[in-house]
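First up is the structure itself, then whatever we jot down about it.
The values are calculated or read from the model by the stated rules, or taken from the named source; none is laboratory data. Model, not experiment: these values are computed from the prediction. Methodologically, a virtual Cβ is constructed for each residue, glycine included, from the backbone with ideal geometry; neighbour enumeration extends over all protein chains shown. Ligands, DNA and RNA are excluded from the accessible area calculation, which covers all protein heavy atoms including side chains. Shrake-Rupley method; radii C 1.70, N 1.55, O 1.52, S 1.80 Å.
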Amino acid sequence: MKKSLYIAVIGCGRLGAILASDLSKQGHKVVVIDVDNSTFNHLSKEFSGFSIAGNTAEMSVLESAKLDQAEIAIAVTGKDNLNIMVSQLAKTVFEVPIVLTRILDPAREEIYQKLGLTTISTTKISAVAFLDTLQQKLNVLNVNS
Amino acid sequence: MRIILIGDDQLAYFLSKKFVAEKHRVTIINAHPAEAIKFSHQIKATVIVGDGTHPTILKEAEVEKTDLVLALTSHDEDNLVACQIAQHYYGVPRTIALVNDPAHQQFFEQMGINVAFSATQILANLIEKRADFEDITNFFAVDRGQITVTEIILHEDSPALQKTLQNLELPTGALIGCIIREERAFVPHGWSNLQIGDRLILISQPEHYEQLLEILTGKAE
C-alpha cells in the first residue's frame with residue numbers, strides 16, 4: 001500500500017484503535033468515529049488522523065466524517081447490527097469502494113456474507129487460533145511421550 | 001394474517017392490541033423480561049423474550065410462516081437487521097420498519113424494507129399542514145375511531161401547568177405524543193413539564209379522551 005488512502009474506522013474499541021493507529025502510521029489519512037470520546041485514548045501516539053465523537057447510527061455523523069470521500073470503511077463497533085447498518089450505508093449511500101464489517105455472531109455473519117458484505121468474524125478467527133494452538137501443544141506432548 | 005412485532009414500548013403495545021382485536025395472530029418479541037411479562041398479561045398474543053434481530057429468536061417466533069414483520073425498536077440498526085433477516089433469509093413477504101433518524105428512510109427502502117416510516121417526519125408534516133389551528137384540532141381517527149389523535153393548546157387556566165407528565169396521572173390508553181413549544185416539537189418524557197402556550201399532540205382511545213382533556217384543560221369537552 002504505497003498510495004495514501006482516505007480510511008474511515010467506525011468504532012474505536014481495542015480493535016478499532018489498533019487498526020486506526022496502524023493505518024495512520026502507514027501514511028494513510030484516517031478518520032475514526034466513536035460515540036464515546038474517551039475511547040480515543042486507545043489510539044497510539046503515532047496516530048495523526050482525525051477523531052469524531054458521535055453516534056454512528058446517525059446519518060449526519062457519517063456525513064460529517066466525509067464518508068462519501070472515503071476509499072475504505074471499516075466497521076468495528078462492539079455491536080453487530082450497528083456494523084451491518086453502517087457498512088450497508090457506506091456501500092450504497094456513500095459509495096465507498098471497500099467496506100469491511102466485523103460481525104461477532106457467526107449466524108449473522110453467514111447471512112450477511114450471502115447478502116454481499118465482506119465480513120470478518122473475530123469470534124471464528126479466535127476459535128481457530130485456540131484450536132490450532134491446542135493442537136500444537138498436543139502434538140508436542142505426543143512426541144515427548 | 002400472522003404478524004411478528006419487535007419492540008418494547010407503547011407503540012408496540014397499542015399496535016399489537018389493535019391487530020389482536022382484528023383477529024390477526026400476533027407474536028411479540030421483546031428484549032426486556034419485565035416488559036414481556038406485562039405484555040403477556042395484557043394482550044392475547046405469544047410473547048417471546050429475546051433479541052428480535054437474531055435468526056434463532058426469529059425462528060422461535062415461527063418467522064417462516066409469518067406474513068408481516070414490524071420492527072419498532074428505538075435503534076434503527078436493530079430494525080433494519082430484523083427486517084432484512086426476516087425478508088432475505090426466511091422469506092417473509094412483507095416488512096415494515098420504524099426509522100428513528102428520518103435521514104434513514106430512503107436507505108431502508110433501498111435495502112428492501114417494504115415500508116420505512118419516520119414518526120418524526122409524520123408529526124412534522126402534520127404540524128406544517130396545520131399552520132391555522134384552534135384550541136382543539138381533530139387530526140384524525142385511526143381505524144374507525146379506535147384511537148383518536150388531537151392537538152390542544154394549554155392556557156393559563158390549565159390545571160396541568162408546571163406539572164411533570166408522571167405527576168399528571170394520565171389514564172392508561174391515553175398519552176401525550178408530542179409537545180410543541182415555541183415552534184420546536186419534541187417527544188416528552190415522564191419528567192417533562194407543561195407550560196402555558198404548549199401545543200400537545202394527544203393519542204387516546206375514545207373512552208379515555210374526556211378524562212385526558214379534563215386533566216389537561218380543567219374542563220370536559
Task: Rough spin-label spacing in nm, given labels placed 7 Å along Cα→Cβ, for A:Glu71 and A:Leu138 - done: 4.5
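Where does the longest stretch of chain A lie that holds no GluC sites (Glu not before Pro) found in a DSSP loop with 13 or fewer other Cβ atoms within 10 Å? Let's see the in-between values first.
Values: sites that count: A:Glu46, A:Glu95.
In short, A:96-145.
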Task: Value of [θ]222 nm, deg cm²/dmol, for chain A, DSSP H segments ≥ 4, -39500 (n - 2.57) each, nearest 500 - done: -13500 deg cm²/dmol
- [ ] Count charges around B:Val187 for me, please; just the other residues with Cβ under 13 Å from its Cβ, Lys/Arg as +1, Asp/Glu as -1.
- [x] +1
Open item on the list: Net charge within 11 Å of B:Leu98 by Cβ-Cβ distance, Lys/Arg positive one each and Asp/Glu negative one each, not counting B:Leu98 itself?
Closed with: -4
Open item on the list: Cut-off under 26 Å on the C-alpha distance; same-chain residues fewer than 8 positions from B:Lys163 excluded. Which lysines are left, in chain and number order?
Closed with: B:Lys219
Open item on the list: Distance cut-off 26 Å, Cα to Cα: go down the list A:Lys29/A:Lys91; A:Lys45/A:Lys66; B:Lys44/B:Lys65; A:Lys66/A:Lys124; A:Lys124/B:Lys65 and report the pairs above it.
Closed with: A:Lys66/A:Lys124; A:Lys124/B:Lys65
Open item on the list: Can you classify chain B as rounded, prolate or oblate using the Cα gyration tensor, where a ≥ b ≥ c are the square roots of its eigenvalues, rounded means a/c under 1.5, and otherwise it's prolate if a/b beats b/c and oblate if not?
Closed with: prolate
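Give me the percent of accessible area attributable to carbon and sulfur for the protein assembly as shown, probe 1.4 angstrom. Present the calculation step by step, with values, prior to reporting the outcome.
Working: 10210 of 19030 Å².
Answer for the protein assembly as shown: carbon and sulfur cover 54 percent of the accessible area.
Hey, got the average number of other protein chain Cβ atoms within 10 angstrom for residues in B:22-33? Spell out each step's value before the answer.
Details: counts 0, 0, 0, 0, 0, 0, 0, 0, 0, 0, 0, 0.
Mean partner-chain Cβ count within 10 Å for B:22-33: 0.
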Task: FRET efficiency, B:Gln10 to A:Asn37 (Cβ-Cβ, R0 35 Å, nearest 0.05) - done: 0.60
Open item on the list: With the crude spin-label approximation of a point 7 Å out along Cα→Cβ, what separation in nm comes out for B:Ala21 versus A:Glu63?
Closed with: 3.9
Open item on the list: Quick query: amide H of B:Arg94 versus all other amide H atoms, modeled in the peptide plane; which residues come in under 5 Å with a sequence gap of 5 or more or a different chain?
Closed with: B:Val69
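What relative contact order, as a whole-number percentage, does segment A:54-145 give when Cα pairs under 8 Å and 6 or more residues apart are counted?
Across segment A:54-145, relative contact order equals 21 percent.
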Task: Distance between modelled label sites at B:Ala185 and B:Gln166, nm, 7 Å Cα→Cβ extension - done: 2.7
TODO: Measure nothing fancy, just the Cα-based angle from helix B:10-21's long axis to the longest principal axis of chain B, in degrees from 0 to 90, nearest 10.
DONE: 70
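In peptide A:84-95, what is the residue-averaged number of other protein chain Cβ atoms found within 10 Å of each Cβ? Before the final figure, lay out the partial values.
Working: counts 7, 12, 1, 0, 8, 7, 0, 0, 3, 6, 0, 0.
For this peptide, the per-residue mean of nearby foreign Cβ atoms is 4.
Order the following by accessible area, largest value first: A:Tyr112, B:Tyr89. Probe radius 1.4 Å; ligands, DNA and RNA are ignored.
On the way: A:Tyr112 0, B:Tyr89 100 Å².
Ranked list, largest accessible area first: B:Tyr89, A:Tyr112.
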- [ ] With all protein chains present, calculate the accessible area of A:His42 using a 1.4 Å probe and round the result to the nearest 10 Å².
- [x] 100
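At 222 nm, what value in deg cm²/dmol follows for chain B if DSSP H runs of at least 4 each add -39500 (n - 2.57) and the sum is divided by all its residues, to the nearest 500?
Numbers: 8 runs with 70 residues, N = 221.
After summing the helix terms and dividing by the residues of chain B, the value is -9000 deg cm²/dmol.
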